[in-house]
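Enquirer: Structure provided below as structure tokens; questions to follow.
Each reported figure results from applying straightforward, stated rules to the coordinates on display, with no laboratory input. Source: prediction; values computed, not measured. Here the Cβ positions follow ideal geometry from the backbone for every residue, glycine too, while neighbour counts run over all protein chains shown.
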Amino acid sequence: MLGFSFKHLVTRLRGGIVSPLALRRMGVLGMNARNVNYIARYNDRDKYPIVDDKLNTKRAARRYGIPSPELIAAFETQPSRARVMAVIEPLWQFVIKPARGSGGKGILVIVGRKGDKYLKPSGAELTALDILRHVSNIHSGLYSLGGKPDRVMVEALVDFDPVFDNYSFEGVPDIRVIVFRGFPVMAMLRCSTHDSDGKANLHQGAVGVGIDLATGRSCHAVQRGLRIDRHPDTEMPFDKLVVPGWRDLVRLAASCYEMTGLGYLGCDIVLDRKRGPLLLEANARPGLAIQVANGVGLRSRLQHIESLDLEQLEKNVEERLNYSMIRFAATRGD
């Protein structure tokens, strides 16, 4: 059985009724197949804490030399008002997030100050009391997996690459790369919109842009399951979009295989103006909407990697990168 939301998106894209059999023939990976054949089979449960906790991910990335946004502070227990204010008072821009949040929930982005008020990307103003309340909500587990008490992270705001200035609205775009057994197999750019409140969350109305693994060029774009050609807020056409430093970005994603030990994972990466690609987070249960963003199913790509012999599977990061960029180029088809 396919996940309903994904089947619904594909059906809308195709403009008619699509049967599960037809979707399988298209190479579409369904939710149950993902859970059983890939997540359960290739992801050891004892590795989950590395990616389910963003603070653990950041520490692991540091050990493996994988760059990530600067961590300004982490509150392991409920912090006092004085401790929080001591951290954020001198900051003009910052991000507050839960260590174990999911789906982008609980992430608060501050892009500037106006007197004693803090400004969100939308222009909305928050008081210090609003921020303290948000920190308390994070710690109490309001946004965490399972509602358990959480840790609070304060990060530097990414100075994202100007190439995306007109492709994202009121927020920072990110790139998700699906990596299977160390091989990048599919990628998409997630662009925030007014509907998504400046967050790169497709379920909240962000745009998903399929990216050609070989070149970093856009090849397909959707919002709420419908194909689009331009950003809904900026009117910028997607057919001219090319992600700069693409090879370095995909190499970073492929390196997360060694860092996490997970066979099937999603890597969320942002492009900083000065530092280049930065690992935002890794996910042991990446969603399936990336297929809709690309207009291509994952199943055949995953099955191809499964068919490789042991010698091919033991390739190093650079060899895996080369293999994927050739094998899964958009010009090849699927």
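Enquirer: Between the range 264-293 and the range 135-190, what is the C-alpha centre distance in whole Å?
Expert: Taking the Cα centre of each part, the range 264-293 and the range 135-190 sit 8 Å apart.
Enquirer: Per 0.36 nm of contour for each residue apart, how much would the distance between Ala329 and Leu142 grow if the chain were fully extended, relative to their Cα-Cα spacing?
Expert: 63.2 nm
Enquirer: Once the range 24-151 is represented by equal point scatterers at the alpha-carbon sites, with solvent omitted, what log10 I(q)/I(0) does the Debye formula produce at q = 0.10, 0.19, 0.23 Å⁻¹?
Expert: The calculated log intensity ratios at q = 0.10, 0.19, 0.23 Å⁻¹ are -0.43, -1.12, -1.41.
Enquirer: Oh, and also: Using a 10 angstrom cutoff on alpha carbons, build the Gaussian network for the chain and name the most mobile of Val152, Val84, Val172.
Expert: The residue that fluctuates most here is Val84.
Enquirer: While we're looking at this one, here's another question. As I understand it, the dipole of the chain uses +1 on the Cβ of Lys and Arg and -1 on the Cβ of Asp and Glu, about the Cα centre. Which of Ala82, Gly261, Trp92 lies farthest toward its positive end?
Expert: Gly261
Enquirer: Follow-up question, since we're still on this one. Amide H of Leu280 versus every other amide H placed in the peptide plane: which residues, excluding those fewer than 5 positions away on the same chain, fall under 5 Å?
Expert: Sorted by chain and number, the residues that satisfy this are Asp268, Ile269, Val270.
Enquirer: Can you tell me the 0 to 90 degree angle between the C-alpha axis of helix 246-260 and the longest principal axis of the chain, rounded to 10?
Expert: 80
Enquirer: Here is a further query. Mind pulling the angle between the C-alpha long axis of helix 54-63 and the longest principal axis of the chain? Nearest 10 degrees, somewhere in 0 to 90.
Expert: Roughly 70 degrees, rounded to the nearest 10.
Enquirer: Put +1 on the Cβ of every Lys and Arg and -1 on every Asp and Glu Cβ in the chain; which of Pro69, Ile228, Ala214 then has its Cα farthest towards the positive end of the dipole?
Expert: Ile228
Enquirer: Estimate the FRET efficiency between Arg83 and His203 by the formula 1/(1 + (r/R0)^6), using the beta-carbon distance for r and 35 Å for R0, to the nearest 0.05. Don't skip to the answer; put the middle values down first.
Expert: Details: r = 34 Å, r/R0 = 0.96.
Efficiency, rounded to the nearest 0.05: 0.55.
Enquirer: Of the chain, which part is the longest with no chymotrypsin sites (Phe, Trp or Tyr not before Pro) in a loop (DSSP not H, G, I, E, B) and with at most 14 other C-beta atoms within 10 angstrom? Could the numbers behind the result be given before it?
Expert: Values: sites that count: Tyr64, Trp92.
It runs 93-334.
Enquirer: OK, next. Per DSSP H run of at least 4 residues, take -39500 (n - 2.57); add these up for the chain, divide by its residues and hand me the 222 nm value, nearest 500 deg cm²/dmol. Working shown, then result.
Expert: Numbers: 11 runs with 97 residues, N = 334.
Helix contribution divided over all residues of the chain: -8000 deg cm²/dmol.
Enquirer: Which far-off residues, 5 or more places away or on another chain, put their amide H under 5 Å from the one on Gly263, with H placed in the peptide plane?
Expert: Residues meeting the amide H criterion: Asn43, Asp44.
Enquirer: Sticking with this one: Hey, got the dipole for the range 184-334? About the Cα centre, +1 on K and R Cβ, -1 on D and E Cβ, debye to the nearest 20?
Expert: Working: 19 positive and 19 negative charges, 52 e Å.
Roughly 240 debye for the range 184-334.
Enquirer: Hey, another quick one. With a/c under 1.5 counting as rounded, go ahead and sort the range 112-217 into rounded, prolate or oblate using the C-alpha gyration tensor (a ≥ b ≥ c being the square roots of the eigenvalues; past the cut-off, prolate if a/b is larger than b/c, else oblate). Before the final figure, lay out the partial values.
Expert: On the way: a/c = 2.46, a/b = 1.46, b/c = 1.69.
It comes out oblate by the Cα gyration axes.
Enquirer: Then there's this: Given charges of +1 on the Cβ of Lys and Arg and -1 on the Cβ of Asp and Glu, with all other atoms neutral, how large is the dipole of the range 70-155 about its Cα centre, in debye to the nearest 20?
Expert: On the way: 12 positive and 8 negative charges, 38 e Å.
Value, rounded to 20: 180 debye.
Enquirer: Whole-Hz Karplus ³J(HN,Hα) for the range 104-114, in order, using 6.51 cos²θ - 1.76 cosθ + 1.60 and θ = phi - 60°, x for Gly and Pro?
Expert: With coefficients 6.51, -1.76 and 1.60, one gets x, 6, x, 8, 10, 10, 10, 10, x, 10, 9 Hz.
Enquirer: In Å³ and rounded to a whole number, note down the convex hull volume per residue for the Cα atoms of the chain. Please report the intermediate quantities before stating the final value.
Expert: Details: hull volume 43.6 nm³, N = 334.
Taking only Cα atoms, the chain has a hull volume of 131 Å³ per residue.
Enquirer: Relative to the Cα centre, what is the charge dipole magnitude of the chain, using +1 at the beta carbon of each Lys and Arg, -1 at the beta carbon of each Asp and Glu, and rounding to the nearest 20 debye?
Expert: In debye, rounded to 20, the chain gives about 680.
Enquirer: How far, in degrees from 0 to 90, does helix 128-140 lean away from the longest principal axis of the Cα atoms of the chain, to the nearest 10?
Expert: The helix 128-140 is inclined about 50 degrees to the chain.
Enquirer: Simple spin-label model, 7 Å along Cα-to-Cβ: Arg273 to Glu306 in nm?
Expert: The two pseudo-label positions are separated by 4.6 nm.
Enquirer: For the range 31-105, what are Rg and Dmax over the alpha carbons, in angstrom?
Expert: Cα radius of gyration and Dmax of the range 31-105 are 16.4, 49 Å respectively.
Enquirer: Would you count, across the range 70-155, every pair of lysines whose alpha carbons are under 20 angstrom apart, provided the pair is eight or more residues apart or spans two chains? Provide the component values of the computation, followed by the final result.
Expert: Numbers: Lys97/Lys105; Lys97/Lys117; Lys97/Lys120; Lys97/Lys148; Lys105/Lys120; Lys105/Lys148.
Within the range 70-155, the lysine pair count is 6.
Enquirer: Quote to one decimal, in nm, the extra length available between Leu313 and Arg251 on full extension: 0.36 nm per residue of separation minus the C-alpha distance between them. Present the calculation step by step, with values, prior to reporting the outcome.
Expert: On the way: separation 62, 0.36 × 62 = 22.32 nm, distance 1.61 nm.
Between Leu313 and Arg251, full extension yields an extra 20.7 nm.
Enquirer: Now for a different question. What is the extension gain from Glu125 to Arg45, computed as 0.36 nm multiplied by their sequence separation minus the C-alpha to C-alpha distance, in nm to one decimal?
Expert: Values: separation 80, 0.36 × 80 = 28.80 nm, distance 4.13 nm.
The Glu125-Arg45 span can extend by a further 24.7 nm.
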